[in-house]
Amino acid sequence: MITFFPTPYPEGELLYSILARYHIRSGNISPKATLEELFGSWSVTAVLDLPANIDSLISNLPIGSNYTAERLIMKNTLYPFYSAFLPPERAKAILQSMKGNSGGSIHNRIGVMASTIAGNRYIRLCVECAKESMEAYGEMFWNRSHQIPGIIICPKHKTLLYDSKVLVHHFNKHEFVPATVDNCNLIEGHTTSMNIEDVIESEFIPNYIELVDNVDKLLNNHYPNKLPEWFFSQYMERLKRMGLANTNGIVKQKELREQFIAFYGENLLEIVHSSVRDNESCWLSMMVRKPRKTVHPIRHLLFIQFLGITMEDLWNGETDYLPFGKAPFPCLNAGADHYSQPVITEVSIRYDSKIKRPVGTFRCSCGFVYARSGPDSSEEDRNKVGRVKEFGQIWEAKLIELLQKDLSLREIASRLKVDVNTVKKYGQKLKECEAELSNESQNDVINKRGFREEWLDLQKQYPEKSKTELRKVNSGLYTWLYRNDREWLNSNSPKKKQITTVNYRVDWDKRDVEILELVKEIVDEILNSNDKPERITISRVGKKIGKLSLLEKHISKLTQTNEYLLQNIESVRDFQIRRIKWAIKECERKGCDLQWWKVAKIAGIRDEWTEELKEEFKHICSGIF
C-alpha cells in the first residue's frame, strides 16, 4: 500500500498522467518499481487511453482514499468516449476488463483496432492549457480531451493542439512519462505559429468546433448505453424527414454522400480520417444499414451533427417518423356533423418518388377519404385536402338534400367545401342512378320472379347444402341474383350455421388495474430519479413498462390508467422547469454558484426556451433562499 497519491487535476487529467506524476514524486528510478507499488505487479503496461488493472490500483491506495475504479475510469480515461455507442452488455464487459487484469483485448472489443481511424502517434497538448497549468499548479499534465484521434483543437481554447515528444506507445511499455516543459516543446517557442484557419477552410470551422464540443460532451457526460438499433432508428427517421430516405427506409445514397460532403468539406473529413467514397463499403453507407459492426464514435458524431440531432435528443428523443403528426386527424367531410373534428385514426403513408415527399391517405368511418403530401410544417396543414379519393354516402346524401332545396350550385359548393364542377358531376351522377332504379323494366321484374323461384327450388332439391354450396351448384343463377336482387337473396338463403366459439374477451377492468400499477411505478421512478430527468410521455412510459402498443391502441379502454396519465404527462414547458430544478440541485451538490448559464448548461436548455425559463429560474431561486 502506498502512502500518498496525487490528486487528479479537475480539467480532465488522464490516469496515465496521474501515475506519471506519482512516479516523479515517489523518487523511484525504475518504472517497474513504481508499477510494483501502484499495482502490486511490475508487468503492467502503461496504456494512455484505456488502461486496465484499476481494481489493483485502488486496493493499493492510501487508507481513507475515496477513489473508486469506476470513478477513475469515467473521469480520467477515454472510456466514456469509446463506449458511448456500444451495446450495454459490451460496454459493461469492457468496464469490467479495465477494472480487472484482462486489458489485452480491450482495444479489439471496443472497435478501435478494426477502425480505419488512425490513433495519434504522440501524446498531444494545448499550449494555452499548459501555460494555465504551470501558473495554477507549477507543473503540466496530460489532458484526456487532447488525445482523441481526429481532434486537432482544444475544446476549451479552440486553439490548435501540438504533438509532444512523448510517443503514445513508448519504447518502454512499462513507463508512465510525465508532461514537462522540455518534452512538450515549449522551450523552442515554435508551437504558436499556426491557427485553425491555416488547417481548415473557414466556412467549415463552425461545424468542426461543434464536433469538438460534442466529443467533450461524450467525455464529460455519462450517457446511458443503448442498443445499436436505437441509434439506427433515430438516424433513419431523421433521414426520412430530410427527404434522404423514403417511408420504407430506402436511403438515397448518392444524395446523402453529396450533401454530407457539402456539409463538412473534403478537407475536414480527411482531418478526422472519415473521407467519403463512392462505394458500398464506405463507412457512411454502412451507417445507414442495419447495424452489424461497431462504428467509431467520431463517425457517429459526424453523422448526428449532419442530421441536426443534439446529443440530448439522440439519447432521449422519440424515434417515430410522423410526417403528419399524431392521430387522431380531422375529418374534412363538410357534409358530416363531425366536420373538422379529430376523429380519423386510420392513415396510410407512402413515399411518392415523383414529388419526393411522403403522401398520407386519411380514411374516416363516414366514408370520406382524402390524401395530401407532407411533411406538415404547421398546425394549419392538418386541415388541408390534397385530393378527395372518396366522398362517401354521408357526403352524397348531404348533396342530394341541398340539391332538393333549390340552392344555387355555387352555394352548395361553398357549403360542401368543393368546387362547382364537383357539385355538377356528382349531382348528375346521383340523378342518373335514381332514374335507373325508378325505370326498371317490366321484363326485369318478370325475370326476377323466375330467378327467385329457381333459387327456392334449388334449396328444396338440396336442403342440406349451405348458401356457398348452392352457389357452386348453379353459379350463374347465384351471380344474377347477387347483382340484381341481393337483398332478397340474402333473406331467402339458408341461414349461416352457428359455430360455438370460446369467449376470449379481455377483462379490461382487470387489465386497467394491472397496467395502472405499472404506470404509477414508472412515473414515480422517473420523478424520483437522481439522474438527468426524462420527460413523462405516454410513449416513454409505455416503452419502460413494455406495453407501448397497448397504451397506443387501447388507452381508451384503460379508464383509470388513461386518467392517471392525463394528469401526469408533462408538457415541454413543465419538463423544462423540472430539468431546471434538477440542475439547481446538481449545482448545490457540486458546490457551484447558482448562475443561470451554469444551470441552463447542466439542464440542457435550448436557446428558444432561454428567455422564458430564465424568469422561472429566478422564481425558483427566490423560493430557495
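The values are calculated or read from the model by the stated rules, or taken from the named source; none is laboratory data. Here the structure is a predicted model, which means the values were calculated and not measured. Positions of Cβ are backbone-derived with ideal geometry, glycine not excepted, and every protein chain shown enters the neighbour counts. For the accessible areas, the whole protein counts, side chains as well, though only heavy atoms, and no ligand, DNA or RNA atoms are used. Shrake-Rupley method; radii C 1.70, N 1.55, O 1.52, S 1.80 Å.
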Just checking, does segment 134-144 include any residue being crowded, with 20+ Cβ neighbours inside 10 Å, modelled with pLDDT of 95 or more, closer than 25 Å to Arg299 by Cβ and in contact with a Gly (Cβ under 8 Å, 6 or more places away or on another chain)? yes
When residues of segment 544-573 are limited to those that are surrounded by 13 or more Cβ atoms within 10 Å (Cβ to Cβ) and within 28 Å of Lys601 (Cα to Cα), the one modelled with the highest pLDDT: Lys544
Taking segment 318-333 only, how many residues are buried (at least 16 other Cβ atoms within 10 Å of the Cβ) and modelled with pLDDT of 85 or more? 5
Considering only residues that are in contact (Cβ under 8 Å) with a residue 12 or more places away in the chain and open to solvent by 40 Å² or more (accessible area, probe 1.4 Å), look in segment 4-40 and name the one that is farthest from Ala179 (Cα to Cα). Gly40
Filter segment 41-75 for residues that are surrounded by fewer than 16 Cβ atoms within 10 Å (Cβ to Cβ) and hydroxyl-bearing (Ser, Thr, Tyr); the one that is farthest from Phe171 (Cα to Cα) is Ser65
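Under the condition of being assigned to a strand (DSSP E or B) and open to solvent by 90 Å² or more (accessible area, probe 1.4 Å), which residue from segment 342-358 is modelled with the highest pLDDT?
Glu346
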Yes or no: segment 10-32 includes at least one residue that is among the aromatic types (Phe, Trp, Tyr) and in a helix (DSSP H, G or I). yes
Only one residue in Asn484, Asn492 is modelled with pLDDT of 85 or more, open to solvent by less than 90 Å² (accessible area, probe 1.4 Å) and polar (S, T, N, Q). Which one? Asn492
Quick check on my filter: what residues within segment 523-542 are aliphatic (A, V, I, L, M), closer than 16 Å to Asn316 by Cβ and either in contact with a His (Cβ under 6 Å, 6 or more places away or on another chain) or open to solvent by less than 20 Å² (accessible area, probe 1.4 Å) (or both)? Ile526, Ile536, Val541
